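**Q** Dropping a structure here in structure tokens format, bear with me for questions.
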Amino acid sequence: MTEKLAASLAKIVATSQALYPKESMLAVEERRRNLFIGIPKESSFQENRIGLTPDAVKQLTDHGHRIRIEAGAGSLSKYSDHEYAEAGARIVYSVEEVYEADIILKIAPPTYDEINYLHPGQTLISALQFGNLTSDYINALLAKKINALSFELIRDKSEAKPVVRAMSEIAGSTVMLIAAEYLSSSNDGKGVILGGITGVPPSKVVILGAGTVAEYAARAALGLGAEVKVFDNHIYKLRRLKHNIGTQLFTSTLDKTVLNNEIKQADVVIGALVAVEDRIPCMVEESIIAQMNPGSIIIDVCIDQGGCFETSEVTSHSRPIYRKYDIIHYCVPNIPSRVPRTATQALSNIFTPIFTEISKYGGINEVLFTNEHYRAGVYIYKGSLTNSHIAKRFGMRYKELGLMIAVRN
């Protein structure tokens with residue numbers, strides 16, 4: 001009796017294990033929904049990126065999703081309309097046709113003119129750019145009764161922000177190339193190499209901030225042989241940076257006496273501090289910059305948040321620098337757009353799985369119910385403001401997103 005009972009129990013367990021995955025897969029398959037995605041051509045000044053590569057478009061269209069792309073949307077990233085058409089996208093020649101889609105994927109936030117094309121129930125995925133945000137802009141989006149996600153706020157399962165991380169990696173690697181370019185005499189710089197060679201003292205690089213931009217900038221500078229010094233008030237960030245780089249590295253808190261002395265002697269100064277409650281934690285005074293060596297370069301990566309140098313002024317890719325006290329200032333707010341093809345590939349690697357998951361769960365509402373990491377990116381849901389930070393900043397009312405989704409479901 002005991003052997004028969006054990007055999008029966010084993011058979012029941014084996015049967016239930018075999019059936020359970022099939023039932024789960026069937027449930028997911030029943031919820032699956034094909035998506036209708038629109039990608040307009042970017043109209044914002046010198047935004048050169050696009051959200052999906054042709055390979056990503058093919059991957060999505062092969063699974064039944066419809067994608068409309070405005071003609072010329074990928075040209076600045078060196079992707080042709082023909083490549084997108086071959087991948088299964090429909091190329092359209094009017095903005096109105098793109099905005100008929102259920103999901104709009106943009107890089108820069110929509111302009112006021114583009115907001116007019118949005119319609120109720122639509123989902124907008126784009127940057128939000130908190131530094132330039134106004135209450136009028138938020139109210140214009142609220143009036144459209146849409147869902148809006150800021151991809152800078154979306155988190156992954158490690159609680160990191162994948163888009164911010166990817167663009168910071170690009171910016172950090174690129175700033176050292178920019179610095180090397182403007183230090184050379186061909187650009188009327190100091191005429192020094194970024195790095196060092198045998199018998200010649202290395203160039204000096206000072207980095208404000210110890211985040212992702214700083215890490216990749218430090219890696220590049222150290223690889224070239226430069227002397228690198230990093231300043232940040234977060235000890236855990238400095239410790240993590242030293243651990244990740246795996247080499248002896250000068251680090252310090254934002255001690256003004258030490259920092260100012262190092263800036264005066266530096267060949268390159270990188271501003272990569274993160275704003276806290278819309279404020280940069282350190283501002284380098286104009287009097288200190290005036291004492292730097294002529295021909296040195298300042299690169300203010302956080303210029304879109306107000307900058308961390310008193311002499312910083314926003315520049316563009318077409319006119320990226322200006323001189324003040326004979327110090328070269330590079331203050332372009334969108335450094336990844338300098339290498340748009342690489343940036344597009346990085347963005348596409350993030351957005352493609354997101355669209356796949358939205359489809360898998362049956363739509364944007366369903367995926368928000370099941371995935372708290374995507375909820376972190378939502379700032380408007382069904383025409384209601386759901387971001388407490390924005391509400392506090394502009395004195396607006398907001399609703400708790402979790403409660404709205406729970407009530408709906």
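The values are calculated or read from the model by the stated rules, or taken from the named source; none is laboratory data. These numbers were taken from a predicted model, which means no experiment stands behind them. Quick reminder, even Gly has a Cβ in these numbers, built from the backbone with ideal geometry, and neighbours come from all protein chains shown. Side chains are part of the model used for accessible areas, which takes the heavy atoms of the whole protein and leaves out ligands, DNA and RNA. Shrake-Rupley method; radii C 1.70, N 1.55, O 1.52, S 1.80 Å.
**Q** Suppose the filter is farther than 18 Å from Thr344 by Cα and assigned to a helix (DSSP H, G or I); does Glu114 pass it?
**A** yes
**Q** Going by the conditions given, is Thr174 more than 10 Å from the chain's Cα centre (by Cα), crowded, with 21+ Cβ neighbours inside 10 Å and among the polar types (S, T, N, Q)?
**A** So Thr174 fits the description; yes.
**Q** Only one of these conditions is not met by Tyr117: (1) under 19 Å from Leu368 (Cβ atoms); (2) open to solvent by 10 Å² or more (accessible area, probe 1.4 Å); (3) at pLDDT 95 or above. Which number is it?
**A** (1)
**Q** Right, next: List every residue pair whose Cβ atoms lie under 6 Å apart, where the two residues are 6 or more positions apart in sequence or sit on different chains, the first residue falls within the stretch 142-162 and is touching a residue at least 60 places away in the same chain (Cβ under 8 Å) and open to solvent by 50 Å² or more (accessible area, probe 1.4 Å), and the second residue, located anywhere, is in a loop (DSSP other than H, G, I, E, B) and not aliphatic (A, V, I, L, M).
**A** These pairs meet every condition: Lys145/Pro120; Lys145/Gly383; Arg155/Lys161.
**Q** Please verify whether Ile288 is modelled with pLDDT of 95 or more, closer than 24 Å to Pro333 by Cα and of a type in the set (Val, Ile, Thr), treating the condition exactly as stated.
**A** The answer is yes for Ile288.
**Q** What's the number of the condition Ile69 fails, among (1) open to solvent by less than 40 Å² (accessible area, probe 1.4 Å); (2) within 26 Å of Ile303 (Cβ to Cβ)?
**A** (2)
**Q** Another question about this same structure. Just checking, does the stretch 79-98 include any residue being closer than 28 Å to Tyr216 by Cα and at pLDDT 95 or above?
**A** Yes, the stretch 79-98 contains at least one residue that is closer than 28 Å to Tyr216 by Cα and at pLDDT 95 or above.
**Q** Additional query: Which residues, taken from the stretch 258-299, are under 26 Å from Gly225 (Cβ atoms) and under 17 Å from the mean Cα position of the chain (by Cα)?
**A** Within the stretch 258-299, Ala272, Leu273 meet the criteria.
**Q** Is it fair to say Val206 is touching a helix residue (DSSP H, G or I) at 6+ places or on another chain (Cβ under 7 Å) and either under 23 Å from Arg323 (Cα atoms) or in contact (Cβ under 8 Å) with a residue 24 or more places away in the chain (or both)?
**A** Considered against the rule, which asks whether it is touching a helix residue (DSSP H, G or I) at 6+ places or on another chain (Cβ under 7 Å) and either under 23 Å from Arg323 (Cα atoms) or in contact (Cβ under 8 Å) with a residue 24 or more places away in the chain (or both), Val206 comes out as yes.
**Q** So which residues in the stretch 288-319 are in a loop (DSSP other than H, G, I, E, B), open to solvent by 20 Å² or more (accessible area, probe 1.4 Å) and not hydroxyl-bearing (Ser, Thr, Tyr)?
**A** Ala290, Gln291, Asn293, Pro294, Val301, Gly306, Glu310, Glu313, Val314, His317, Arg319
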